[in-house]
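Some notes on the structure that comes next.
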Amino acid sequence: MSDNKHKIVIVGGGAGGIELATRLGSKLGRKGLAEIILLDATTTHIWKPLLHEVAAGTVDESEQVDYLGQAYRNQFRFRLGKMEGLDREKKEIYVSPTFSDSGEELIPRRTFSYDTLVMAIGSVSNSFGIKGVEKNCLFLDSTSQAFKFQKHLVESYIKSHADADKANKKPLSIAIVGGGATGVELSAELHEVTDMLAVYGFNESSNVKLTIIEAAPQLLPALPSKLALATQDQLARLNIDLKLGCRVVEVTKDAIHTMDGETIQADLKVWAAGIKAPDWVNGLDGLATNKINQLVVDETLKTNDENIFAIGDCAACPWPGHEHNVPPRAQAAHQQASALCKSIVNRLNGQPLVNYTYHDYGSLVALGKYSTVGNLMGNLMGTVTIGGFIARVVYLSLYKMHQIAIHGYYRTALLTLSNLFRRTAHAKIKMH
């Protein structure tokens, strides 16, 4: 590609980043109007709301999207690496070296120039500075972390099964800190997995104690209290222990300690109690950030630098008429990618940027095979509470919308059929 083309660099291949790169590749890259580069620290993409299923071992590996293949089909370029710095005056980003598992340097430190830079780096778990969280908890911020948790889970199940004949054997205990969508969905998925393992011959798999620890007095603050209470009842019926209004003050190797003096023993500890943008974003060459490191953007998704934009969880985007910013949800990233694509095309044509307006279509929480609850919002019907089969269909349709955005209708239909056939020949859970 020639150097005189407009260079668009997108940092982060999450829901917003990969959708934006795909759209721009089709609109600009295919026509030779711009050079689009997508930078990510991993080689594959998976929709972040599926990470709890990856952690439980119930999601099919075919759900992963290979960045190189996606780039080839949609006329953008993928580069493997992690951004470590920015020079706004030179309009350059700096990418740290990439190493193999053995420590060998595979790709040296590099510099990429840009005309338009889009930050789509997502979010990470917020430990709130609580002692022992980083050292003793597992996280579900990325596919690699979800696979790490799944490996720990399988090894714990195997050990539990092997020790089944020991006298006074304690149950395998799993504690999840955070009663938002991730924590609730993970708990239900893990309960379903223990049932499956019993069918597969792990006779002691049902001897698992699941606990959710939440600082607020109820689960799922994003949902109406009626739905949150219904979810609490469902989890209670599954014998999942709920510790509500319980603030964690320290996490040790074997237990979680709360402000009221309670000690909760746990073999596996998962932290899902809030998000923030990565710490390295704070103070990134003068870009404005908020207290959780998110890049402050205006209604066009532009930062305080006219050449730099931000979308997704890493963006603090105003929500007119509300006290807080646009919530960090997959639907927001999807909408922002669509709006920013239009703005960047306009930018190349000397036309004004498009204002982004967040449309809240509601929240849905899937409790595995047991239930799906949520609320839908619309101009015609207002707010409608849904549950059961209809809610499950709507929940699945959100993922299909993401797949359509990056694959198109035809490939999404083929992938859906392929996955249906695969499930008839493969185990429902991953054991390796």
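The values are calculated or read from the model by the stated rules, or taken from the named source; none is laboratory data. From a predicted model like this one, the values you see are computed outputs, not experimental measurements. All Cβ positions, even for glycine, are placed from backbone atoms using ideal geometry, and neighbour counts span all protein chains on display.
Here are the numbers:
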read-out: Index of the failed condition, GLY283 passing every other in (1) touching a residue at least 60 places away in the same chain (Cβ under 8 Å); (2) in a loop (DSSP other than H, G, I, E, B); (3) out of contact with any Leu (no Cβ under 9 Å at 6 or more places or on another chain); value: (1)
read-out: Residue among LYS148, LYS170, LYS131 that alone is surrounded by fewer than 16 Cβ atoms within 10 Å (Cβ to Cβ), out of contact with any helix residue (DSSP H, G or I) (no Cβ under 8 Å at 6 or more places or on another chain) and farther than 26 Å from ASP279 by Cβ; value: LYS170
read-out: Residue among LYS90, LYS31 that is of a type outside the set (Val, Ile, Thr), at pLDDT below 95 and out of contact with any Leu (no Cβ under 9 Å at 6 or more places or on another chain); value: LYS31
read-out: Qualifying residue in the stretch 71-92 (condition: over 30 Å from LEU28 (Cβ atoms) and among the polar types (S, T, N, Q)); value: no
read-out: Any chance THR258 is under 27 Å from ALA55 (Cβ atoms), surrounded by fewer than 17 Cβ atoms within 10 Å (Cβ to Cβ) and either over 24 Å from the mean Cα position of the chain (by Cα) or not assigned by TED's automatic domain parsing to the domain that holds VAL184 (or both); value: no
read-out: Candidate set: the stretch 114-146, residues that are closer than 30 Å to GLN336 by Cα and among the β-branched types (Val, Ile, Thr); chosen: the one modelled with the lowest pLDDT; value: THR143
read-out: Subset of the stretch 250-296 (residues that are of a type in the set (Phe, Trp, Tyr) and closer than 30 Å to ILE308 by Cβ); value: TRP280
read-out: Residue in the stretch 39-54 that is among the β-branched types (Val, Ile, Thr), farther than 22 Å from GLY312 by Cα and out of contact with any Pro (no Cβ under 7 Å at 6 or more places or on another chain) present; value: no
read-out: Single condition ILE18 does not satisfy, out of (1) out of contact with any helix residue (DSSP H, G or I) (no Cβ under 6 Å at 6 or more places or on another chain); (2) at pLDDT 95 or above; value: (1)
read-out: Evaluation of ILE406 against (1) touching a helix residue (DSSP H, G or I) at 6+ places or on another chain (Cβ under 7 Å); (2) modelled with pLDDT under 80 (one fails), failing number; value: (2)
read-out: Any chance PRO328 is of a type outside the set (Asp, Glu), out of contact with any Asp or Glu (no Cβ under 7 Å at 6 or more places or on another chain), at pLDDT below 95 and outside any helix (DSSP H, G or I); value: no
read-out: Search result, residues across the stretch 223-244 that are more than 14 Å from ALA188 (Cβ to Cβ), in contact (Cβ under 8 Å) with a residue 60 or more places away in the chain and assigned to a helix (DSSP H, G or I); value: LYS226, LEU227
read-out: Boolean, THR111 is modelled with pLDDT of 95 or more, hydroxyl-bearing (Ser, Thr, Tyr), assigned to a helix (DSSP H, G or I) and over 27 Å from PHE139 (Cα atoms); value: no
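Rundown of residues vs (1) at positive phi; (2) modelled with pLDDT of 95 or more; (3) outside any loop (DSSP other than H, G, I, E, B), yes/no style:
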position	(1), (2), (3)
THR300	no, yes, no
ALA332	no, no, yes
ALA337	no, yes, yes
CYS341	no, yes, yes
ARG347	no, yes, yes
LEU353	no, yes, no
TYR358	no, no, no
SER363	no, no, yes
VAL373	no, no, yes
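Conditions tested, residue by residue: (1) in contact with a His (Cβ under 8 Å, 6 or more places away or on another chain); (2) closer than 24 Å to LEU398 by Cβ; (3) small (Gly, Ala, Ser).
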| residue | (1), (2), (3) |
| --- | --- |
| LYS269 | no, no, no |
| GLY283 | no, no, yes |
| ILE311 | no, yes, no |
| TRP319 | no, yes, no |
| ASN325 | no, yes, no |
| GLN335 | yes, yes, no |
| GLN351 | no, no, no |
